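Chemist: Just dropping this structure here.
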Amino acid sequence: MSPTSETAEGGRRLVIVESPAKAKTIKGYLGPGYTVEASVGHIRDLPNGAAEVPEKYTGEVRRLGVDVEHDFQPVYVVNADKKAQVRKLKELMAESDELFLATDEDREGEAIAWHLQEVLKPKIPVHRMVFHEITKDAIRAAVANPRELNKKLVDAQETRRILDRLYGYEVSPVLWKKVMPRLSAGRVQSVATRLVVERERERIAFRTAEYWDLTGTFGTGRGGDSSDPAQLVARLNAVDGKRVAQGRDFNSVGQLKSDTLHLDEAGARALADALADTAFAVRSVESKPYRRSPYAPFRTTTLQQEASRKLGFGAKATMQIAQKLYENGFITYMRTDSTTLSDTAVGAARAQVTQLYGADYLPDKPRTYAGKVKNAQEAHEAIRPSGDRFRTPAETGLTGDQFRLYELIWKRTVASQMKDAVGNSVTVRIGGRSADGRDAEFSASGKTITFHGFLKAYVEGADDPNAELDDRERRLPQVSEGDPLAADAMSVDGHSTKPPARYTEASLVKELEEREIGRPSTYASILGTILDRGYVFKKGTALVPSFLSFAVVNLLEKHFGRLVDYDFTARMEDDLDRIARGEAQAVPWLRRFYFGEGDAAAGSASAAGNGDGDHLGGLKELVTDLGAIDAREISSFPVSDDIKLRVGRYGPYIERGEKDSENHQRADIPEDLAPDELTVELAEELLAKPSGDFELGTDPETGRQIVAKDGRYGPYVTEVLPEGTPKTGKNAVKPRTASLFKSMSLDTVTLADALKLMSLPRVVGTDPEGVEITAQNGRYGPYLKKGTDSRSLESEEQLFTITVDEALAIYAQPKQRGRAAAKPPLKELGEDPVSGRPVVVKDGRFGAYVTDGETNATLRVADSVEEITPERGYELLAEKRARGPVKKKTAKKAPAKKATAKKAPAKKAPAKTAAAKKTAGTAKTAAKKTTAKKATGAGSTAASKSAAAKKSAGSTDGADSGEE
């Protein structure tokens, strides 16, 4: 049935999509006969804690949210923040004659549609409406051609969700007990963290090797031009037929691994001197045809990689921007593993090739691209501009980052339907004999492009910043074998091998995909999780593992080796895809994973964790016996023979000797120190740094010793009280203490500075009513205090310089909300691609942060005000939005509100407001909980506490819960 004016006469139809933005766009295409409403994402999920679990469930079900004893039945609850929306959907459905579930056409979208159907319980006809682009024609076609709900996809998604819940809720508590509270483990996030840690281990083990070579500039002796240069630059390739060693010839510990000539500086310089008067000639010219085919259209991971390389976007920011483009009808669905284009899209791309570049750039037949992704996600095209005619970027009216990302997608799509680039690659070898009789051979390579083809429209970026791009030409002089050449210059070049590069977001996404770990559509959230959890931080674009992640990965490798094994995780992905295709059953698979049933389950927990054979080995047994895990050993790493790095509950530190022994030394590690930078020399330097008291002198007034110390909250000065001074009880005496100013340090603070600091608070004067005004330095900075009225000062120096008149002028101004009047921004970054608001960097109570006026995001350890880019700022804001607002704790107030809720009916008040209903519901729930606790006793209380504690691991599996 088509959405025409006749449709409205036939009844009302309710269309449910995920997001309000999508609902608004689709509503404009369907007209008055349709009500389009958003579910606002998931309306139902596994509970985040015992408080959300219905009272009828107890024990393990209450803890896990999954009944592992009865076919792994999940306990689904409507999210507290979605109850009002569910109510609204039910009211709209009551007024409708048909229901269209129009969630995304992937596993997660199919599961959301199923949950909607289960919760709403419609008694009207239900249709599954699917589309991969939001255009007028696509939406109308989707309404006219609905399908049934795909239960196989739902089963596959639910299996993923249950698997990730079991993994996260069983393994995370092990990390809490053995490493640090509030950590998390996850099926894909733990493996991704392991990849980053292993790369850092390689960097730590790496040893640099130095090697030298020669670079010669050779002239043809004739005038040159752009098509025939007069000179070429060639590198020494061989001496007496033996190839000169380059970086690739050394292993990771700096040893030569091939039979090559290793030149040191002295040898290279001696050879250069011996070649000073050598007559050189061309020994060979080898020419080959060059051909480069277009890149396939974007899929999710290649879009993330290229947006990172070319636009500087993080994976999460890329998906946020792409989501907006999709919802507003500019591109097709952005979570896809497919590189296929529909006939409509191919026609649109070919039309623009002809229009913009001419018929010479259009191949005779449309290009097709075979999928490279195993078990590619169902039913989608590649990511491309929407519609049957592509809008050029200029025609879209887009601005900022949405314009840049759309332009990237548009160029890539159009280029995919263009001709190959063709040309020639040339290698020239040049030889000569040195004064001491050695034969030296140099080589140079060049490339010329005779027809640019698709390169006219698009050139792919590279992860290696030194890599040469496809459209880069290197023209060599037109020479022939035997032509004499003069050595115009000969330089001696020293090189050193470099450790393997750290992963960037783009290269980690590529690695995960190549290893077939996880689903590409979840990679953005996985990266967000490992960054937010503190397992990884950024230095520029590089992903650096924290010392904490070393401890976590160490534990998982030693005691849960199979769970973080790359092949194991990939095989699990295969199994989940078999379930999606109906080739395997979910319950038997989950039973083997959790209980290890079957022949493969025989053996100990250790065998299940690290043994060979079946990749499903019994998670429950692994997490039951933790006695073999030595927490101290897991978190200790040798730096030298007598220095160890330890990851403690309050951060990493290095230690020499046993605690409380005479030779014991300990020093904290800087938070932003990369693990491969912790050398023995740096460790010795940190241990040698004085960590005790700095004696500054004697206070002339009291005669007491003044010392400077480094405390938990930073450096401070204090006085040493005489022996026998009572420290507790009614007559206790507290020493005067003061924090150092930001401009001071333990190394430079003087006695005069200390006495000045300890003179605070300073009496500035009194106001006209005689109330005393003091200047004080607090934990959050300098401020004035008058009675209970505090006002912030701009600088610490004002504590000693501000006059009573200046203080009264500050108090005469209206009090600003918060601590102080808004300070000017530290840096302006431009317009946010999501909110469209200007983004600035500000100095806040807890440090620098980025804000667009609506969302605030604190800068991370690896970020600095000076170096932060606009893209990084937008990424931080996007990540903060994705996490959503922090939930307020209201549970303690619920019992007090109970009485109010009960009295309301007695007063015969009108219908309750939504807020009142919510209050009453909260109170009722709280009352039920109290009753249940009294009835079930300590066992239930313990279970509730345990489940509540699990809440911090709730997002553990959330990041890995199938497709986004």
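The values are calculated or read from the model by the stated rules, or taken from the named source; none is laboratory data. Worth saying up front: this structure is predicted, and the values here are computed from it rather than measured. Here the Cβ is made from the backbone with ideal geometry for all residues, glycine too, and neighbour counts use every protein chain on show.
One line per residue, one yes/no per condition, for (1) in contact with a Lys or Arg (Cβ under 9 Å, 6 or more places away or on another chain); (2) at pLDDT 90 or above; (3) not aliphatic (A, V, I, L, M):
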position: A732; (1), (2), (3): no, no, no
position: T750; (1), (2), (3): no, yes, yes
position: Q776; (1), (2), (3): yes, yes, yes
position: K786; (1), (2), (3): no, yes, yes
position: S790; (1), (2), (3): yes, no, yes
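The rows are residues; the columns are (1) within 30 Å of M334 (Cα to Cα); (2) assigned to a loop (DSSP other than H, G, I, E, B); (3) touching a residue at least 60 places away in the same chain (Cβ under 8 Å); (4) over 13 Å from the mean Cα position of the chain (by Cα).
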| position | (1), (2), (3), (4) |
| --- | --- |
| S491 | no, no, yes, yes |
| R502 | yes, yes, yes, yes |
| K510 | yes, no, yes, yes |
| S549 | no, no, yes, yes |
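Chemist: Residues of segment 563-591 being of a type in the set (V, I, T), crowded, with 20+ Cβ neighbours inside 10 Å and over 16 Å from L512 (Cβ atoms), which ones?
Modeler: Within segment 563-591, just I579 meets the criteria.
Chemist: Collect the residues in segment 105-146 that are of a type in the set (K, R) and over 21 Å from R391 (Cα atoms), keeping them in residue-number order.
Modeler: Correct list: R107, K121, K123, R128.
Chemist: Same structure, new question: If we keep just the residues of segment 822-834 that are assigned to a loop (DSSP other than H, G, I, E, B) and out of contact with any helix residue (DSSP H, G or I) (no Cβ under 8 Å at 6 or more places or on another chain), which is surrounded by the fewest Cβ atoms within 10 Å (Cβ to Cβ)?
Modeler: This residue is P824.
Chemist: Now a separate question. Which of the residues spanning segment 496-515 are surrounded by 18 or more Cβ atoms within 10 Å (Cβ to Cβ) and not small (G, A, S)?
Modeler: Matches in segment 496-515: T497, R502, Y503, T504, E505, L508, V509, K510, L512, E513.
Chemist: Please count how many residues of segment 584-601 are over 31 Å from the mean Cα position of the chain (by Cα), modelled with pLDDT of 85 or more and farther than 19 Å from V623 by Cβ.
Modeler: 4
Chemist: Does E133 fit the bill of being without any contact (Cβ under 8 Å) to a residue 40 or more places away in the chain and farther than 30 Å from A674 by Cβ?
Modeler: So E133 fails the test.
Chemist: Which members of segment 618-672 meet the condition of being part of a strand (DSSP E or B) and among the hydrophobic types (A, V, I, L, M, F, W, C)?
Modeler: Within segment 618-672, F637, I643, L645, V647, I654, A667 qualify.
Chemist: Within segment 394-438, restricting attention to residues that are free of Cβ contacts under 8 Å to residues at least 24 places away in the same chain and outside any loop (DSSP other than H, G, I, E, B), which residue is nearest to A234 (Cα to Cα)?
Modeler: The extreme case among them is E407.
Chemist: Name the residues in segment 617-652 that are in contact with a strand residue (DSSP E or B) (Cβ under 6 Å, 6 or more places away or on another chain), among the small types (G, A, S) and either closer than 29 Å to D67 by Cβ or crowded, with 18+ Cβ neighbours inside 10 Å (or both), would you?
Modeler: S635
Chemist: Do any helices (runs of 4 or more DSSP H) lying entirely in segment 294-393 carry at least 1 residues that are crowded, with 16+ Cβ neighbours inside 10 Å and of a type in the set (D, E), and which ones are they?
Modeler: The qualifying helices (runs of 4 or more DSSP H) are 300-311, 315-327.
Chemist: List pairs: first residue in segment 748-766 and without any contact (Cβ under 8 Å) to a residue 40 or more places away in the chain, second residue part of a strand (DSSP E or B) and among the small types (G, A, S) anywhere in the structure, Cβ distance under 8 angstrom, at least six positions apart or on different chains.
Modeler: L760/A738; L760/A775; P761/A775; R762/A775
Chemist: I need the full set of residues from segment 736-760 which are surrounded by fewer than 16 Cβ atoms within 10 Å (Cβ to Cβ), not in a loop (DSSP other than H, G, I, E, B) and not polar (S, T, N, Q), in order please.
Modeler: A752
Chemist: Could you list, in sequence order, all residues of segment 517-533 that are part of a helix (DSSP H, G or I) and either at pLDDT 90 or above or not β-branched (V, I, T) (or both)?
Modeler: Passing the criteria: P520, S521, Y523, A524, S525, I526, L527, G528, T529, I530, L531, D532.
Chemist: Here is a check on your reading of the model: is E655 of a type in the set (D, E, K, R), farther than 30 Å from N150 by Cβ, surrounded by 20 or more Cβ atoms within 10 Å (Cβ to Cβ) and modelled with pLDDT of 80 or more?
Modeler: In short, yes.
Chemist: Report yes if V717 is at pLDDT 85 or above, under 24 Å from K756 (Cα atoms), surrounded by 10 or more Cβ atoms within 10 Å (Cβ to Cβ) and of a type outside the set (F, W, Y), otherwise no.
Modeler: Yes: the conditions hold for V717.
Chemist: Assess whether E460 counts as being farther than 30 Å from L531 by Cβ, in the same structural domain as R248 (by TED's automatic domain parsing), at pLDDT below 95 and not β-branched (V, I, T).
Modeler: No, not satisfied.
Chemist: Let me ask you something else. Find the residue count for segment 411-442, including only residues that are under 30 Å from P363 (Cα atoms) and either surrounded by 24 or more Cβ atoms within 10 Å (Cβ to Cβ) or small (G, A, S) (or both).
Modeler: 10
A quick yes/no check of all residues on (1) of a type outside the set (F, W, Y); (2) closer than 22 Å to P715 by Cβ:
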site: T766; (1), (2): yes, no
site: K786; (1), (2): yes, no
site: E796; (1), (2): yes, yes
site: F800; (1), (2): no, yes
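Chemist: Here's a follow-up. For the subset of segment 274-283 comprising residues that are of a type outside the set (A, V, I, L, M) and at pLDDT below 95, which member is surrounded by the most Cβ atoms within 10 Å (Cβ to Cβ)?
Modeler: Here the residue is T278.
Chemist: Considering D228, D249, D259, which residue is modelled with pLDDT of 90 or more, among the charged types (D, E, K, R) and surrounded by fewer than 17 Cβ atoms within 10 Å (Cβ to Cβ)?
Modeler: None of the other options fit; the residue is D259.
Chemist: Can you say whether V763 is modelled with pLDDT of 90 or more and not in a helix (DSSP H, G or I), as far as the supplied structure shows?
Modeler: It is true that V763 is modelled with pLDDT of 90 or more and not in a helix (DSSP H, G or I).
Chemist: What do you reckon, is H132 surrounded by 17 or more Cβ atoms within 10 Å (Cβ to Cβ), outside the structural domain of N328 (by TED's automatic domain parsing), at pLDDT 95 or above and out of contact with any Lys or Arg (no Cβ under 6 Å at 6 or more places or on another chain)?
Modeler: No.
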